[in-house]
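Novice: The structure is given below, and queries will be raised subsequently.
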Amino acid sequence: MSEKFAEETQKLSYKEFKKEILHDYNIAVVSRECSILGRREVLTGKAKFGIFGGGKEVPQLAMAKAFKNGDWRSGYYRDQTFMMAIGKLTAEQFFAGLYAHTDIKAEPHAAGRQMGGHFMTHTLNEDGNWKNQLQQKNVSADISPTAGQMPRLLGLAQASKIYRNIDALKKTNTFSENGNEIAWGTIGNASTSEGHFFETFNAAGVLQVPMIISVWDDDYGISVPAKYQTTKENISEILKGFQRDENGKGYEIFIVNGWDYSKLIDVYNQASTVARNEHTPVLIHVKELTQPQGHSTSGSHERYKSEERLDWEIKHDCNTKMREWILSIFENEEELISIEKEAKKQVNAAKRAAWNNYLHDIIQAQKQILNLLKNVSEKSENKPFILKLKNELATIKDPSKKEVLSTARRALRYLIDENSAERTQLQHWIENYNKEQSYNYNSHLYSEAKSNAKTIKEVKPTYNENVTLVDARVLLKNNFDSILSRYEEVLIFGEDVGEIGDVNQGLEGLQEKYGKLRVADSGIREASIMGQGIGMAMRGLRPIAEIQYLDYLLYGLQILSDDLATLRYRSVGKQKAPLIVRTRGHRLEGIWHSGSHMGAVIHLLRGMYILTPRNMTKAAGFYNTLLKSDEPALIVENLNGYRLKEKLPNNIGDFTTPIGVVETIKEGSDVTIVSYGSTLKIVEEAVKELAQVGIDAEVIDAQTLLPFDLNHDVLKSIQKTNRLVIADEDVPGGASGYLLNEILNTQNAYQYLDSKPITITAKSHRTAYGTDGDYFSKPSIEDVFEKIYALMHEVDPDTYKKIY
Ligand SMILES: Cc1ncc(C[n+]2csc(CCOP(=O)(O)OP(=O)(O)O)c2C)c(N)n1
Ligand SMILES: [Mg+2]
């Protein structure tokens, strides 16, 4: 027993001491039994895939002891023991997750949407409002991409720093008590090879935030050993340079073996004191862990581990070692044997209960369909076919919803020519079942709460009689000023955002006014800037995280796509992170400054709003709208718009731009042109020239790509013009392909078209540099003119004679 641990335990009576250790041992054993039976459930076909926490139990017990209410975890799929130890996972819930039970009460971690092993706690109430995070232990919803949990971890930790250091936020709130909360990260040894790990690690050292990263080191990443993962095969060794010392702030680093229960408890205590009190980040390298059942249910580790390694793993299994240690103190094996036997029984019973609970509703549905098919077959000419389907379904002992519904849908086809009450019943049953299940599998991509961003009403900008024209960046700056003064929880950060007030001075002077924490410069690290925003937004702050140029969003795109955009969906509406991402793009210069890839963005970021304001008044209005609601969004400002003159509204901070509403900026009768962002300027010029030859175009600004035109105003325009042109500067089939699908399929506009719909886009390659590079890469005024002219030539060749 280590000294510190002995000291601690002296405070407990022997009885309490023993009780606590046996309680922990019990959790470890129950957790292991879950892993063992879980694997069996997959191998026998009852569950699809399993990834478990066997071999990592003991350090998680220690972490759970130091984890307090208000704290946050951002971890990965090995942490079932931790979840059990903080009282947020039962054995029955573990199996419900494995079976993908869609009832959130039975499976509170994802209602079956995520593979087992991906955990969360609920931070939102039924109405979508925040719960009190100080009264519970908080677990941010896990994701599968290795190290994807790291960027978010930075923001979760940074939030404590913000709450501790910004006076206005110190008033009692439900998120933080003076910033005393720790953000706990867990990561596998091999996943530390990812850039996200190193980027986050460095950033947390720079920011000095209360973050503790535990590396669960089992020497492998699936089959690939440490030799190919980590320099010197040792993550704490190579991170030594981060150790804080007299030369500067940095990390506290601990190294401990994962089977050493008492030492682990010491280390986690020390680590939490350092992080909580001093806001110093900590690394705990937990070594000598094992994976007794291999990586996942997809394979067996005997394929790639040597005999010696397998033998070593048996001897160093953390549960076995903990057992040996307990026996060395208490010398009573009977008690342990009884705990082990009881755990087996308990887990078996939990498994059975979870299975029966999961199957119950499906079996009900199966019975209903068997009954309906029997009834409907009686009078049907296709009786034998329907009965065949019925009998096949009847033989399935453990049916899936798919089997039940697919049988019903196929049976309905046999009744196309028949009319009966039974047929109607069957139709209704299918419709209802589909509706019910669609809620289970398809809900909550966006907020379904009353406060969702689509419901925020438009407030138009208003102007004084003698309106002043200003550089548009001044309008934007005044609006950010207003936002920062109205919302104390708003923070704006990114590269060059602080001291110079962003590269286009949309935030000029605001750091001076609001301080270095609220308007902050960040390192060049887009992925963790996104993560910082996500984590802070999860803790009640309202971050506006800036990506300097749209092209560099790609560095952060993975985390936005995998983490932020999926958050509400994967948590079934139980978590949110209303982060606003600010960037600028469109019509820039050169291959990596062209700012055009909106198609890539809108396809990867379903779950966020993607907004493309055509000027800074519209952009400012979007910020104001978003801050009134609680959903994540990306706003792409026009880089070439900051120096253009705009009218300065007198209701700065109040006016809003509605989400999902297009704007007709010029009416016309011959053709509808839909565009957005900087391309609109080109379109507007071309339209003036088209007017000179008698072509009257209607121009619609899409404004918000996600969601697009909820009122179907484009359809109304096409009903009038019967012709559609979509113009943008993305690649062919990029955002224009998306818009085409929205207009033709979703809005059903195809039926009103008298001409082939056309898209005018950039070339497939990225944009060449310079004025001429732009001219030959992206659509020009002449391109737009000629394409629309050619369209009209096809309609009326006599009036619009061929140009070429
Ligand atoms: C970005 C990404 N790449 C690959 C994978 C597939 N994958 C899942 S787990 C894993 C190994 C992780 O090893 P380690 O971090 O050591 O954690 P362990 O499973 O050993 O606890 C890999 C390659 C993934 N999930 N995400
Ligand atoms: Mg590993």
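Novice: Assess whether Gln747 counts as being touching a helix residue (DSSP H, G or I) at 6+ places or on another chain (Cβ under 8 Å), more than 26 Å from Ser594 (Cα to Cα), polar (S, T, N, Q) and at pLDDT 95 or above. Let's see the steps before the verdict.
Specialist: Working: touching a helix residue (DSSP H, G or I) at 6+ places or on another chain (Cβ under 8 Å): yes; more than 26 Å from Ser594 (Cα to Cα): yes; polar (S, T, N, Q): yes; at pLDDT 95 or above: yes.
Spelling it out, Gln747 is indeed touching a helix residue (DSSP H, G or I) at 6+ places or on another chain (Cβ under 8 Å), more than 26 Å from Ser594 (Cα to Cα), polar (S, T, N, Q) and at pLDDT 95 or above.
Novice: Would you call Ser669 surrounded by fewer than 21 Cβ atoms within 10 Å (Cβ to Cβ), in contact (Cβ under 8 Å) with a residue 40 or more places away in the chain and more than 25 Å from Tyr738 (Cα to Cα)?
Specialist: Numbers: surrounded by fewer than 21 Cβ atoms within 10 Å (Cβ to Cβ): yes; in contact (Cβ under 8 Å) with a residue 40 or more places away in the chain: yes; more than 25 Å from Tyr738 (Cα to Cα): no.
So Ser669 does not fit the description; no.
Novice: Using the structure shown, decide if Val209 is over 27 Å from Arg309 (Cα atoms) and surrounded by 21 or more Cβ atoms within 10 Å (Cβ to Cβ). Spell out the reasoning first.
Specialist: Working: over 27 Å from Arg309 (Cα atoms): yes; surrounded by 21 or more Cβ atoms within 10 Å (Cβ to Cβ): yes.
It is true that Val209 is over 27 Å from Arg309 (Cα atoms) and surrounded by 21 or more Cβ atoms within 10 Å (Cβ to Cβ).
Novice: Can we say Ala349 is surrounded by 18 or more Cβ atoms within 10 Å (Cβ to Cβ) and assigned to a helix (DSSP H, G or I)?
Specialist: On the way: surrounded by 18 or more Cβ atoms within 10 Å (Cβ to Cβ): no; assigned to a helix (DSSP H, G or I): yes.
No; evaluated as a whole, the condition is false for this residue.
Novice: Would you list the helices (runs of 4 or more DSSP H) that sit entirely within the range 431-546 and hold 1 or more residues that are surrounded by fewer than 20 Cβ atoms within 10 Å (Cβ to Cβ)? Full working, then the answer.
Specialist: Details: elements: 472-486, 510-514, 526-538.
Result: 472-486, 510-514.
Novice: Those residues that are without any contact (Cβ under 8 Å) to a residue 60 or more places away in the chain, within 16 Å of ligand 2 (Cβ to nearest atom) and either of a type in the set (S, T, N, Q) or surrounded by fewer than 17 Cβ atoms within 10 Å (Cβ to Cβ) (or both), I need them from the range 169-193; list them, please.
Specialist: Residues satisfying the conditions are Asn189, Thr192, Ser193.
Novice: Now a separate question. Take the range 731-752 and flag every residue that is crowded, with 20+ Cβ neighbours inside 10 Å and β-branched (Val, Ile, Thr).
Specialist: Val731, Ile743
Novice: I need every pair where a residue in the range 447-465 that is in contact (Cβ under 8 Å) with a residue 60 or more places away in the chain has its Cβ under 7 Å from the Cβ of a residue that is assigned to a loop (DSSP other than H, G, I, E, B) and among the acidic types (Asp, Glu), sequence separation at least 6 or different chains.
Specialist: Close Cβ pairs (under 7 Å, with a partner that is assigned to a loop (DSSP other than H, G, I, E, B) and among the acidic types (Asp, Glu)) amount to Ser447/Asp630; Ser447/Glu631; Ala449/Asp127; Ser451/Asp630; Asn452/Glu631; Ala453/Glu631; Val459/Asp654.
Novice: Among residues belonging to the range 51-68 that are within 13 Å of Ile182 (Cβ to Cβ) and hydrophobic (A, V, I, L, M, F, W, C), point out the one that is surrounded by the fewest Cβ atoms within 10 Å (Cβ to Cβ).
Specialist: Ala66
Novice: Considering only the range 238-259, I want to know if a residue exists there that is of a type in the set (Ser, Thr, Tyr), more than 16 Å from ligand 1 (Cβ to nearest atom) and under 30 Å from Ser522 (Cα atoms). Can you show your working first?
Specialist: So the first thing to find is which residues in the range 238-259 are of a type in the set (Ser, Thr, Tyr), and the list is 251.
From what's left, more than 16 Å from ligand 1 (Cβ to nearest atom): 251.
If we keep only those that are under 30 Å from Ser522 (Cα atoms) too, we end up with 251.
There is at least one residue in the range 238-259 that is of a type in the set (Ser, Thr, Tyr), more than 16 Å from ligand 1 (Cβ to nearest atom) and under 30 Å from Ser522 (Cα atoms).
Novice: Within the range 174-190, take every residue that is among the aliphatic types (A, V, I, L, M) and within 14 Å of ligand 1 (Cβ to nearest atom) and give me the one that is farthest from the chain's Cα centre (by Cα).
Specialist: Taking the range 174-190 first, the residues among the aliphatic types (A, V, I, L, M) are 182-183, 187, 190.
If we keep only those that are within 14 Å of ligand 1 (Cβ to nearest atom) as well, we get 187, 190.
Details: Ile187: 18, Ala190: 23 Å.
That would be Ala190.
Novice: Now a separate question. Restricting attention to the range 157-168, does a residue exist that is within 16 Å of ligand 1 (Cβ to nearest atom) and surrounded by 24 or more Cβ atoms within 10 Å (Cβ to Cβ)? Let's see the steps before the verdict.
Specialist: Taking the range 157-168 and keeping what is within 16 Å of ligand 1 (Cβ to nearest atom), we get none.
No, that holds for no residue.
Novice: Taking the range 127-173 only, how many residues are among the β-branched types (Val, Ile, Thr), over 20 Å from the mean Cα position of the chain (by Cα) and in a loop (DSSP other than H, G, I, E, B)?
Specialist: Our first condition is that a residue be among the β-branched types (Val, Ile, Thr); within the range 127-173, this holds for 139, 143, 146, 162, 166, 172.
Those still in the list that are over 20 Å from the mean Cα position of the chain (by Cα) too: 162, 166, 172.
Within this subset, residues satisfying the condition of being in a loop (DSSP other than H, G, I, E, B) are 166, 172.
Qualifying residue count, the range 127-173: 2.
Novice: If you don't mind, another one. Residue check, Gly241 against (1) touching an Asp or Glu at 6+ places or on another chain (Cβ under 9 Å); (2) farther than 23 Å from Thr320 by Cα, all met but one. Which one?
Specialist: Gly241 satisfies all of (1) touching an Asp or Glu at 6+ places or on another chain (Cβ under 9 Å); (2) farther than 23 Å from Thr320 by Cα except (1).
Novice: Right, next: In the range 422-462, which residues are polar (S, T, N, Q) and over 22 Å from Gly112 (Cα atoms)? Reasoning before the result, please.
Specialist: Going residue by residue through the range 422-462, those that are polar (S, T, N, Q) are 424-425, 427, 432, 434, 437-438, 440, 442-443, 447, 451-452, 455, 462.
Result: Thr424, Gln425, Gln427, Ser451, Asn452, Thr455, Thr462.
Novice: Note down all Cβ pairs under 8 Å where the first residue falls in the range 289-303 and is over 14 Å from Leu37 (Cα atoms) and within 11 Å of ligand 2 (Cβ to nearest atom), the second is assigned to a loop (DSSP other than H, G, I, E, B) and among the aliphatic types (A, V, I, L, M), and they're at least six residues apart or on different chains.
Specialist: Every condition considered, the pairs that remain are His295/Ile51; His295/Ile222.
Novice: Related question: Could you please find all residues in the range 191-212 being within 13 Å of ligand 1 (Cβ to nearest atom), in contact with a helix residue (DSSP H, G or I) (Cβ under 8 Å, 6 or more places away or on another chain) and either more than 19 Å from His118 (Cβ to Cβ) or in a helix (DSSP H, G or I) (or both)?
Specialist: Looking only at the range 191-212, we keep the residues that are within 13 Å of ligand 1 (Cβ to nearest atom), and these are 191-197.
Subset that is in contact with a helix residue (DSSP H, G or I) (Cβ under 8 Å, 6 or more places away or on another chain): 191-192, 194-197.
Correct list: Ser191, Thr192, Gly195, His196, Phe197.
Novice: Further, regarding this structure: Looking at (1) acidic (Asp, Glu); (2) modelled with pLDDT under 95; (3) more than 22 Å from Asn173 (Cβ to Cβ), find the lone condition where Asp103 falls short.
Specialist: (2)
Novice: Taking the condition at pLDDT 95 or above and part of a loop (DSSP other than H, G, I, E, B), does Gly55 pass?
Specialist: Numbers: at pLDDT 95 or above: yes; part of a loop (DSSP other than H, G, I, E, B): yes.
When the stated conditions are applied, Gly55 passes them.
Novice: Only residues in the range 359-387 that are free of Cβ contacts under 8 Å to residues at least 12 places away in the same chain count as the first member; pair them with residues that are surrounded by 20 or more Cβ atoms within 10 Å (Cβ to Cβ) and part of a helix (DSSP H, G or I), Cβ under 7 angstrom, at least 6 apart or cross-chain, and list the lot.
Specialist: Lys383/Ser377
Okay, residues lined up against (1) in a helix (DSSP H, G or I); (2) on the phi > 0 side of the Ramachandran plot; (3) of a type outside the set (Lys, Arg):
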site	(1), (2), (3)
Val267	yes, no, yes
Thr280	no, no, yes
Gln291	no, no, yes
His295	no, no, yes
Glu334	yes, no, yes
Lys344	yes, no, no
Asn357	yes, no, yes
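The values are calculated or read from the model by the stated rules, or taken from the named source; none is laboratory data. Quick caveat, the model's predicted, so the values are computed rather than measured. Here Cβ is always computed from backbone atoms with ideal geometry, including for glycine, and neighbour counts include all displayed protein chains.
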